[in-house]
Every structure is written in structure tokens, then in C-alpha cells.
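The values are calculated or read from the model by the stated rules, or taken from the named source; none is laboratory data. Treat the numbers as computed from the prediction; the structure is a model and nothing was measured. When we count neighbours, we look across all protein chains shown, and the Cβ atoms used for this are built from the backbone with ideal geometry, even at glycine. Ligands, DNA and RNA are stripped out before the accessible areas are found, and what is left, the full protein with its side chains, is counted by its heavy atoms. Shrake-Rupley method; radii C 1.70, N 1.55, O 1.52, S 1.80 Å.
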Amino acid sequence: MKKQLMATAAALAILTATAARADEISDLKAQSAALKKQNQALEQRLNKLEKQEAAQQQTQQKQAAQLAAAPAPTSFMAADLSSLKGAVPSCALPSLDGPLTFCGITLYGTVDAGLGWVSHGLPENGYNYEGESLVNRNGNHAQWGVAQNNLSQTGLGIKGTEELLPGWSGVFNASTGINPQSGQLANMAGTMTSNNGLPRNAYSFNGDGARAGQAFNDQLYVGISNITFGTLTFGRQRSLGTDTMLAYDPAGGAYSFSYIGYNGTMAGGGDTQDTRWDDALKYRVEYGPVHFAAMYKFADGSGGCYSAAAAAGNAWTSANCTPEAAHNDAYGFNLGGTYNNFSADVVVQHVNQAISVVNPLLGPTTLAKGGASTQNTLNSIDTTAISGANLISPTNTEYGIVTDNTAVMGAVKYVWNEFKFFGGYEYILQHNPANPLGVGATAQGGYLLSGVEDNNLDSPKVVQIFWTGVKYAYDAKTDITLSYYHQLQNTFFQATSFGGGCPVTNYRSSCSGTLDEVSLYADYHFTKRFDVYAGLAYSQVANGLSVAIPHNGAGGVGVPYFYNNNWAPTVGARYTF
């Protein structure tokens, strides 16, 4: 009996297990059927989407064909829409680590500021974009202050490239400099006019330069580029000397550590206002390791009203002056190349009617020859004052020395392991202008000249500038730069002009003289965009280059600098994008 019960129980267990498996199989079959239905639905949906996409592509192709066959746009908006055709699909959002470029348009800029001390400085001027690291003719006291634009000019720019045909592109660039200490546009002419008529010991900083408050005081040009034939651009552009300076200056044109970056005499081919040319054509082309550039500036602005009788010592009035046309055209050429780690460039520039502004207009309480109460049109050779009613109001005007300049520059660079070695030389020859400027002539930024010297030179003036330096990459993030700059000028007056040669002391500005600057700084990059730096610059002037006011001392002797040297340690930070 017991055995029968056990056998029955075993049979029941087998039947139960079999029934459970049958139920499981049935459930799996049902699930499989449901999944097949879902797959069929998904396949149908996918097929429908593919058909819709194909239809949409056909529609877009038809629209593109219609646009291509359409006549030229007849309105500004239509032209914009037409220009976007084919470009929109290629637009991509800027990468997190790359330039801010969208649809061929790049936004770029720099903010650079820090803290500095100078041994012989002036109260800061909101128009000043260069700081006060270089020895200044009117600097008279030690001071701490915000040091702006130490390694780079703070500013904003936008540039773009748009393909027109295979291998051909349209290009443009618009950039301007801003002063971080004041928020004002870079305007060296404004530093002069804001000090007009003040006592010399009450001056704030003043200097001369090509950035004169223009909306786009750096560059503003448009042009066309070809991968084989080069690039041709039109507008306000950096001179070829400025391009070469930025490439071959060990300090890269840093205002706080580079004389040739701070003072544009070298880059402008003899005059700092000519570091940028208005109304200019510029052509560049590369062929393998060799590059060539040519540049031409058309004459622009006003030539003012000139009087030969006034220059001879008679009254300078509207009755005896003749309106002059501007003849301030200019041209330049550049040839250079690279071989392995060696680079070299040669630049030739010629500028007619170059204008140099040395000081603000002298006033009733300014130290002046013979107690003169107003600005005199004098030169360093013939000290005859030009009197008479003002042809124009002196308000917001400048006093310019005019010359025709020719310059030849050579520069080299060599890379050896972590070191970059730099060197350069420029020879500048200056003559009195073949075509004089008169009162009312225009300078950079449209500022008018209320005083003009067209015969400043008794004989040709020769300026020579040398520079050398080395940049050492201490590691992947740190650079250390040592630079030296030297400028000298000849004696450019005849001894009979004053009854003798240059004296041992109390030099005239037309006597030979020298300027020297040496600098050392370190630059550490926290990231690709943000770096910090610290350094020291020392500069000094001697003899003819130590004259502050050229022809206002007794007997034509110049008024000297308050101090002939300057120490300038600086620390700061820079952000670029």
C-alpha cells in the first residue's frame, strides 16, 4: 500500500511539472507573438520616416535649384539671404577650446592690465594706451598705478572669410584698442590736446601715436584672397614695418618691455603716427618658404594753408598763406623667408609729409622761449617766432613737425631648442618735406595742426635703431624674455646756425643723441587663454635725445627732460579669446 501511494505521488508531481512547463511555453509563445507585432509596427514607422526624409530632401533640392536659377537679388535682405545659401549647412558652433568662429566670422579680443611703479612718471591720462614704462620728457615723480596693455593692447575685433569661388575668398578685419584703466578708446592725440596750454609741471601723461580715438583705431579693411595668388586688402591697415616688428621683436611689441613696441619710430619708418596707414592697399603672397608684400597709401586729408613769407619771419595770416593739397602718400615693400629654424625679412618704406607731435601746445604759463604767451611756430634752427592772428582756433589742435622719411629695415630670428634669438637694424633718413604742410593740416584721427614746422632740419637727419633679445621656454607654460634696444641720431644742423657746435651741456634737439632700453620679464600661462607676467624695464636718453622742448631755451638751446631715465617694474594678467 505504501509503495502504491509513493508511486501515485510521483506521478502527480510529474503531471504538475509537465503542466507548468506547458503554461510557460504558452506564455513565451504569446510574448513572442507580441514582440513580432511590435517589430512590424516599428518597421512600418521607420519606412514611413525614411519616405518623409526622402521627400524633404527632394523639396530642398528643388528649392536650391530654383534659387540658383533665380536672377540677382534686388534688395539688401535678398542679397543677405542669397549669400547664406549653401553656407548655413556648414556653420558649426565654436569649440570650447578653439576660436569664437561661426559661419566664417571670428570674434577676438584681449584684456591686459596690472600694477606698475615708475621712478619718473606723470599722472595717468585716460586716453593713454601705452602706459609709462619708457622714459618720458615730462616725467617728474615716482608713482604707483594701474599699468595698462603691458603685453598686448586691450581691444576687440571681428574678422571673417567667405568662399566666393573655389580657391577664392572674401576677407575682412575690424579691430580697435580700448584703455582698461578708463574704458576710453586708445587716443594718443587726446593725451596731447587735453594738456594744451597747461604749465609743464601740471601735465598728465602725453605722447604721440597712430591710435587717435578712431572707432577702429587698429585696422579696418576688406579684400579678396586666393590660395595661389595671395591677398589684396583695402582700408586702414598696419604698415609693413609694424607687421615685421611684431614678428621679430623678442617682446612681441609689448608696451611695457619693448621700446620698438612702445614707440612707433621703427615700425612707422621714422614716425610713430605712420605705424598704421589710412586709405591703403596691401598685397601679400607666399611661395613656399618665401613671402612678399607691397603696400601703397593714397594721399588724404587737408594740407592746410602755408605761407613762405611767414616761414621767413613775417606774420602768418590768412592774407599771405596759400591752401595746400595733401601729398601724404606712402609706399612700402617687404621680402622675407624661412630656412629650417632661421627666418629673415627686409622692409623698405617711404612716407611723405610724416607728422611728429612732440609736446602739447605751449601756453601762458608753459616754460617757453622769451616768456612767449602762446604757441610759436618755431623750428630748432631758425628761432624766429611767427606772429599774427590765428588762422584756426587752437582748441583741440596739435603742433606738428613735418618730414619726408625713407627707411630700410632688416630683421632675423633663429630657433634653437628652447631658445629663440632675435635681432634687427633700421636706417631712417629724414628730409624737410618736398611739399610743405600749413596751418589747418590734418594728422591722425582728423586732428588739425594749429602750428607747423616744415623746415625743422638744417641738414638730413639720420636715425638708426638696433635691437636684440632672446626668449627662453622654461617649460610648456613659462617663457622668460630678455631684450635690448638702442637708438641714435646724428647732428642735423650746421654749426654756423648758432655760431658753434653742440655744447657739452644744454644740448639742442638737433644734436646727436642716444636712447637705450633693456627689459626682462617672465610670462606664465595658466591656460591657453589666461596668463600672468612680471618684469622690469629700464630706459635712458642722452644728449640731443634728452631735450624735452626743442627750441625754447635761451639762444635756441632746448629745454631738457626733467629726468633722463626711468625704472619701471610691472606685474599683470592677460586674458585673450
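General remarks:
- Estimated at the nearest 10 Å², the accessible area of Glu426 is 0 Å² with a 1.4 Å probe.
- Förster radius 41 Å - calculated FRET efficiency between Phe419 and Asn201 (Cβ-Cβ, nearest 0.05): 0.35
- Residue separation of Ser119 and Tyr339 scaled by 0.36 nm, minus their Cα-Cα distance, works out to 74.8 nm of gained length.
- Karplus-based coupling profile of the stretch 332-341, in residue order and whole Hz: x, 9, 9, 9, x, x, 10, 9, 6, 9, with θ = phi - 60° in 6.51 cos²θ - 1.76 cosθ + 1.60 and x standing for Gly or Pro.
- Label reach from Trp144 (point 7 Å along Cα→C-beta): in the stretch 106-127, amide nitrogens under 15 Å belong to 114-119.
- From most to least packed by mean Cβ count within 10 Å, the peptides 182-192, 567-577, 412-422 give 182-192, 567-577, 412-422.
- Efficiency of FRET from Cβ geometry, Ala54 and Ala542, R₀ 60 Å, rounded to 0.05: 0.15
- Distant-in-sequence amide H partners of Gly303 (H built 1.01 Å from N, under 5 Å): Glu324, Ala326
- Computed from the Cβ-Cβ distance with R0 of 35 Å, the FRET efficiency linking Ile227 to Phe102 stands at 0.95.
- Solvent-accessible surface (1.4 angstrom probe) belonging to Leu482, in square angstrom, nearest 10: 80 Å²
- Among the chymotrypsin sites (Phe, Trp or Tyr not before Pro) in the stretch 229-308, those placed in a DSSP loop whose Cβ has at most 14 other Cβ atoms within 10 Å are Phe229, Phe298.
- Placing a pseudo-label 7 Å from each Cα along the Cα-to-Cβ vector at Thr527 and Leu246 gives an inter-label distance of 2.4 nm.
- Distance (nanometres) between label positions extended 7 Å along Cα→Cβ at Tyr484 and Ala534: 2.5 nm
- Candidate residues Ser519, Ser204: accessible-area rank, largest first, probe 1.4 Å: Ser204, Ser519
- Per residue, the accessible area of the stretch 117-252 comes to 36 Å² when a 1.4 Å probe rolls over the protein heavy atoms.
- Accessible surface of Val290 - all protein chains present, 1.4 Å probe, nearest 10 Å²: 70 Å²
- Between the stretch 340-357 and the stretch 176-225, the alpha-carbon center distance in angstrom: 23 Å
- Amide H within-cut-off set for Asp249, under 5 Å, with H built and near neighbours excluded: none
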